[in-house]
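What follows is a set of notes on a single structure, which appears directly below.
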């Protein structure tokens, strides 16, 4: 329970600590280089390759399954 | 769908579904720019993978199309074909001096009689359809996939729900995916098996200020079924003397947990450059803990050109049942697969893109090329590793793609 | 007892981060502004447009739906300007050069003003990009439109035509 409240507190502080960003101020965030995954196809290929050569996986989401290469 | 038959000794290199990236949850565009215009999207990518010592070569061709359906829905489909040739590590041996050697499947004479003259000749065909429905403050995505190659069939279904709140500054993502795989190893019908995987994702992305974005995801995966590699063996030794060899045998269950944080920062004074930092920690019930860190810098250089160098570091420790060569014949599980060993990897890459907008107000064309060099070495493991360099290797990747929006 | 209140407290803290400006609503008089044109030649005051139906469009160069809306709004402007209709764009780019580049790619004949600090956008309360306000001949806001997709133009034309007939 302590952990739960700690997480709740941290989340709240982080969220309220964020500056208000009005819709008109989101121009920088809308730039293609600011996308979380700027080139999804290349990212897919790189993830695919890394996943088949390394034991780690997950985190990024998307269809996670279907791999016998690990 | 047709595919080439056949391989003698084949690793499951290609069995992953790569196109899932198209369905990545993240900050929705609507949060930034109101409703999204219904545009058609066409993508094509060629990728080449080449491993050191002429091990594996892959050519991959991928095409994706997405189209609006009505005002608030987008449907997309992606097709991929991988063509794989080469050879892969099969087992480790002790030589007469007692040092470990990695034996690669290509050494077998059978290889020469195969279709492509290599020990592995295979191709994979995959299709991934997806539908996304957009609400005012969220979206629901349904996706699936089917992929087939000579000895491996994979099917999956998944859904991702995104919900924006806090004036669209916060996006919460929830995802579930289920995969059903069947393995039917070439020339080894006895090792036929199947595997079920489920993965759950919980994530939040948050606009910190007008230049900064933060994402944090956790994923839990549970896999059950056949997870051994049917093409790999473990050679057992007793005091340096060969005693037996057995097929790679792993537990039939695996839990995996991963925590990913992505930080994206805009630099207005540097011509709108963007810094990306990703860190992922992953741990599983086989005893593998791994750290992945990646850093990239996206620099616009004018006229629609962008250059993005990146570096990545990866480190994992070994699985509980990993053995360089087998020593304990009583062990329930054993594997000499280099992917379950402790090691580290360093990679560096460069990505260049050129965007052509305004051919007509809505047409948009983008070309991208990328390259990456990846170096795997036991000695790069965090905290060190004295395993020696018998499994070290490197690979490079090249990609080229274009995207057309109209 | 203390800990039970924590989720409530957290919620209250989150709730307090919402907008607190009063949004301009349908039926209210449009806030009167004077803004320079993007090309900096002269300035324009909304009050000079009394007697006309105005489509006041808050936009920015980075906004994807704005690329859709501009050619269509320009057409509407051309079609109905003789009847007393005008489109007025208010650009919200901090960097004016980006807006100028946008207009080179998608030239329009209607007036485009510049509100680099977003003062008037905040006065009207722009909740998404773009947001537009249709103002009748008496200077009263009659319709607020959030975002833009190509099929919206028919509905908007209908609204404008109705107001022109009044």
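The values are calculated or read from the model by the stated rules, or taken from the named source; none is laboratory data. Just so it is clear, the model here is predicted, and its values are computed rather than measured. When we count neighbours, we look across all protein chains shown, and the Cβ atoms used for this are built from the backbone with ideal geometry, even at glycine.
Being in a loop (DSSP other than H, G, I, E, B) and touching a strand residue (DSSP E or B) at 6+ places or on another chain (Cβ under 7 Å) is a property that holds for residue B:382. Just the residues that are outside any strand (DSSP E or B) and either within 19 Å of the chain's Cα centre (by Cα) or closer than 30 Å to residue B:175 by Cβ (or both), please, taken from segment B:240-287. B:250, B:251, B:252, B:285, B:286, B:287, listed by residue number.
Could you tell me which residue of segment B:157-190 is surrounded by the fewest Cβ atoms within 10 Å (Cβ to Cβ), considering only residues that are at pLDDT below 90 and part of a strand (DSSP E or B)? Break it down stepwise before answering.
Filtering segment B:157-190 down to residues at pLDDT below 90 leaves B:164-169, B:183-190.
Those still in the list that are part of a strand (DSSP E or B) too: B:164-165, B:183.
Working: B:164: 20, B:165: 12, B:183: 23.
Among them, the one singled out is B:165.
For segment C:136-155, a residue qualifies if it is in contact with a helix residue (DSSP H, G or I) (Cβ under 8 Å, 6 or more places away or on another chain), away from every other protein chain (no Cβ under 14 Å) and on the phi < 0 side of the Ramachandran plot, and the qualifying residues are C:136, C:137, C:142, C:143. Do you know which residues across segment A:48-70 are modelled with pLDDT of 90 or more, in a helix (DSSP H, G or I) and within 7 Å of chain B (Cβ to nearest Cβ)? Result: A:49, A:53. Considering the conditions (1) within 14 Å of chain B (Cβ to nearest Cβ); (2) touching a helix residue (DSSP H, G or I) at 6+ places or on another chain (Cβ under 9 Å), residue C:164 is excluded by exactly one of them, (1).
In segment B:279-296, is there at least one residue being over 24 Å from residue B:261 (Cβ atoms), more than 9 Å from every other protein chain (Cβ to nearest Cβ) and out of contact with any helix residue (DSSP H, G or I) (no Cβ under 9 Å at 6 or more places or on another chain)? No: zero hits. The combined condition, being within 12 Å of another protein chain (Cβ to nearest Cβ), surrounded by fewer than 23 Cβ atoms within 10 Å (Cβ to Cβ) and in contact (Cβ under 8 Å) with a residue 12 or more places away in the chain, is not fulfilled by residue C:130. Given the structure, is residue C:121 more than 10 Å from chain B (Cβ to nearest Cβ), out of contact with any strand residue (DSSP E or B) (no Cβ under 9 Å at 6 or more places or on another chain) and under 26 Å from residue C:50 (Cα atoms)? So residue C:121 fails the test. Looking at B:230, B:247, just one residue is facing chain A (nearest Cβ under 10 Å), in contact (Cβ under 8 Å) with a residue 24 or more places away in the chain, touching a helix residue (DSSP H, G or I) at 6+ places or on another chain (Cβ under 8 Å) and under 28 Å from residue B:332 (Cβ atoms), and that residue is B:230. Residue B:92 falls short on exactly one of the conditions (1) at pLDDT below 90; (2) surrounded by 15 or more Cβ atoms within 10 Å (Cβ to Cβ), and that condition is (1). Among the residues of segment B:388-406, those identified as part of a strand (DSSP E or B) and within 24 Å of the chain's Cα centre (by Cα) are B:393, B:394, B:395, B:396, B:397, B:398, B:399, B:400, B:401, B:402, B:403.
Restricting attention to segment B:205-227, the residues that are in a strand (DSSP E or B) and either facing chain A (nearest Cβ under 8 Å) or within 20 Å of the chain's Cα centre (by Cα) (or both) total 16. When residues in segment B:142-200 are screened for being in contact with a helix residue (DSSP H, G or I) (Cβ under 6 Å, 6 or more places away or on another chain) and at the interface with another protein chain (Cβ under 7 Å from one of its Cβ atoms), 1 of them pass.
Number of residues in segment B:357-402 that are farther than 30 Å from residue B:288 by Cα, at pLDDT 90 or above and surrounded by fewer than 20 Cβ atoms within 10 Å (Cβ to Cβ) equals 6.
I'd like to check something: does segment C:108-115 contain any residue that is in contact with a helix residue (DSSP H, G or I) (Cβ under 7 Å, 6 or more places away or on another chain), away from chain B (no Cβ under 14 Å) and farther than 19 Å from residue C:52 by Cα? Yes: segment C:108-115 contains one or more residues that are in contact with a helix residue (DSSP H, G or I) (Cβ under 7 Å, 6 or more places away or on another chain), away from chain B (no Cβ under 14 Å) and farther than 19 Å from residue C:52 by Cα.
Between C:116, C:89, the distinction of being surrounded by fewer than 16 Cβ atoms within 10 Å (Cβ to Cβ) and within 21 Å of residue C:24 (Cα to Cα) belongs to C:116 only.
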